[in-house]
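As structure tokens, the structure follows; a few thoughts come after it.
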Amino acid sequence: MTITVGVVLHARSRPVFEAAASTLTGVTLRWAVYPTDADIPAAAADLLGGERLDGLLLGLLPYDACRQLWPPELPITVIRPSALSLALAFSAARERKLKPTVSIDTFEPDTVSEVTTALGLRPSQVHSLPYRPGQPAPEIVQHHLGVLRRGGHVITSRSEVANRLRGKLPVVQSLTVPSTVRAELNALTLRIRSQWANEFRFAAGVFLVSDQPRDQDVDRARVGLTTLLVNTPEFADAWIENRGRRGLVVLAHKALFDDVTHNWVTVPVLDRADEQLGVRVAAGFGIGGSARTCVALAERAAARAEAEGQPAAYLIEDTGVIIGPMTRDGRPTEFTLRDHGPELETLAGRVGLSPATLSRLVSVERRQQGQTLSPSELANALGITDPSGRRLVRKLLSAGLIVPDGSAQTHRKGRPTTLYRLGIDRALSTILDT
């Protein structure tokens, strides 16, 4: 099945992206090309208004310029200026025999430090202006003019900055290299295929009629629940059968249960069972490699939900992830891992967090699939207060388990909210390798 990836890029970069994609098979690219920064929103809107996209590949500037347009479920890869691009820009500057003093924008400080150290440049020769969302080109131009009053050259990856500086300062415009684009595009397509495979994994749901008062018939309650599920449109493609005297089992693809539970947040059918049938129902969901495994996990999850004492649901995956309790009112879910493992225990001790908290953060990171989130969104995902979420972010920052990655204007007034990207899985992998 062909993957359709949207690419948002400046007109000058298209040949590089076409060369990078020429060796890929099973991937169709749809282009959104903008000549100037001001044209980015229109190009992005045209791209989203066309045929369905399976993923999106773009740079920092178009990503931030249209952050509110990108569908939250769309897999996105943001290409960042690489060390190789910066090194090639330095090489071009040396060929032109430009003065060694340089002012660099957009590149991350760590990238600048890595390359300039390797080239033997003195720190006093290098001025770096990291990328900041929403920073206009004229502001960047003024920065370069200010720090290079005594001469030097500029390295920039932004076309508008380069155009405004021509005739004022020597400019080397860095280009994204095909190998970087090819690697990012390969990673994105693999992520999309993995997501497709995950959606079609087998899953099971077990619905239990909780103990009823003596004047109510459990068998009648189960028959009523069966009718309710059969008449629920979302279960139209599912297989439903009895599972004991007071239970039902539902077999379907994982994608169906994603829809039924609103991505594992709430289970509306629990509310309907209470209102229409007058019975309390507990639900459990299981995701695994076989029908037997799925049902076994769903039964365990249903037993855990029944212990809540109110209509509730849990999900247990064969990977060890547990999500719940999901309730009819849609309160924030909690995330845990069934088996911590020694590496998680080790990392938790280093950071000063409990293994349970760290495991919940791992689950949040995996569900984010590389997307950023705000402290408030992290708090909501964990079911804690916003102040607690901000304190947790500070602790994770000091431990290097979360990094700032852009910002968003969540309110009309006030400062933009910093966004973060979790990196706990990478830290766990490092411990495992050692």
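The values are calculated or read from the model by the stated rules, or taken from the named source; none is laboratory data. Note that the structure is predicted; figures quoted are calculated from it, not measured. All Cβ positions, even for glycine, are placed from backbone atoms using ideal geometry, and neighbour counts span all protein chains on display. Quick note on the areas: whole protein, heavy atoms, side chains included, nothing else; ligands and nucleic acids left out. Shrake-Rupley method; radii C 1.70, N 1.55, O 1.52, S 1.80 Å.
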Exercise. If we keep just the residues of the stretch 170-192 that are hydroxyl-bearing (Ser, Thr, Tyr) and more than 13 Å from GLU18 (Cα to Cα), which is surrounded by the most Cβ atoms within 10 Å (Cβ to Cβ)?
Worked result: SER174
Exercise. Applying the selection to the stretch 125-169, what residues are among the small types (Gly, Ala, Ser), open to solvent by less than 20 Å² (accessible area, probe 1.4 Å) and in contact (Cβ under 8 Å) with a residue 60 or more places away in the chain?
Worked result: ALA137, SER159
Exercise. Does the stretch 200-209 contain at least one residue that is open to solvent by 60 Å² or more (accessible area, probe 1.4 Å) and without any contact (Cβ under 8 Å) to a residue 24 or more places away in the chain?
Worked result: no
For this session: Being open to solvent by 30 Å² or more (accessible area, probe 1.4 Å) and either under 28 Å from PRO109 (Cα atoms) or in contact with an Asp or Glu (Cβ under 9 Å, 6 or more places away or on another chain) (or both) is the filter here, so list the residues in the stretch 42-63 that pass it.
Result: LEU61, TYR63
Seminar exercise, completed: For the stretch 302-325, pairs from a residue that is in contact (Cβ under 8 Å) with a residue 12 or more places away in the chain to a residue that is part of a strand (DSSP E or B) and polar (S, T, N, Q), with Cβ under 7 Å and 6 or more apart or across chains, are PRO311/THR327; ALA312/THR327; ILE322/THR336
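Go through the stretch 31-53 and report how many residues are under 18 Å from ARG191 (Cβ atoms) and assigned to a strand (DSSP E or B). Please lay out each step first, then the result.
Here is the first cut: in the stretch 31-53, the residues under 18 Å from ARG191 (Cβ atoms) are 52-53.
If we keep only those that are assigned to a strand (DSSP E or B) too, we end up with none.
So the count comes out to 0.
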Exercise. Among (1) out of contact with any helix residue (DSSP H, G or I) (no Cβ under 9 Å at 6 or more places or on another chain); (2) of a type in the set (Lys, Arg); (3) closer than 28 Å to LEU419 by Cβ, which single condition is ARG166 missing?
Worked result: (3)
For this session: Considering only the stretch 109-124, state which residues are crowded, with 17+ Cβ neighbours inside 10 Å and either within 25 Å of ASP64 (Cα to Cα) or modelled with pLDDT under 90 (or both).
Result: THR111, VAL112
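Which is part of a strand (DSSP E or B) and either of a type in the set (Gly, Ala, Ser) or at pLDDT below 85 (or both), of PRO404, PRO325?
Values: PRO404 fails: either of a type in the set (Gly, Ala, Ser) or at pLDDT below 85 (or both).
Just one listed residue meets the conditions, PRO325.
For the stretch 266-292: of the residues being surrounded by fewer than 16 Cβ atoms within 10 Å (Cβ to Cβ) and either assigned to a helix (DSSP H, G or I) or of a type in the set (A, V, I, L, M, F, W, C) (or both), which is nearest to the chain's Cα centre (by Cα)?
Going residue by residue through the stretch 266-292, those that are surrounded by fewer than 16 Cβ atoms within 10 Å (Cβ to Cβ) are 268, 274-276, 278, 289-292.
Applying the additional criterion that residues be either assigned to a helix (DSSP H, G or I) or of a type in the set (A, V, I, L, M, F, W, C) (or both) yields 268, 274-276, 291-292.
On the way: PRO268: 26, ASP274: 35, GLU275: 37, GLN276: 38, ALA291: 29, ARG292: 31 Å.
So the residue we want is PRO268.
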Exercise. In this structure, does THR346 turn out to be in a helix (DSSP H, G or I), open to solvent by 10 Å² or more (accessible area, probe 1.4 Å) and modelled with pLDDT of 85 or more?
Worked result: no
For this session: State whether the residues of the stretch 17-38 include one that is under 30 Å from LEU129 (Cα atoms), crowded, with 16+ Cβ neighbours inside 10 Å, out of contact with any Pro (no Cβ under 6 Å at 6 or more places or on another chain) and among the acidic types (Asp, Glu).
Result: yes
For this session: Of all residues in the stretch 250-265, count the ones that are outside any helix (DSSP H, G or I), in contact (Cβ under 8 Å) with a residue 24 or more places away in the chain and open to solvent by 30 Å² or more (accessible area, probe 1.4 Å).
Result: 4
Problem set entry | Condition met for VAL78 (open to solvent by 10 Å² or more (accessible area, probe 1.4 Å), of a type in the set (A, V, I, L, M) and either free of Cβ contacts under 8 Å to residues at least 40 places away in the same chain or not in a helix (DSSP H, G or I) (or both)) | yes
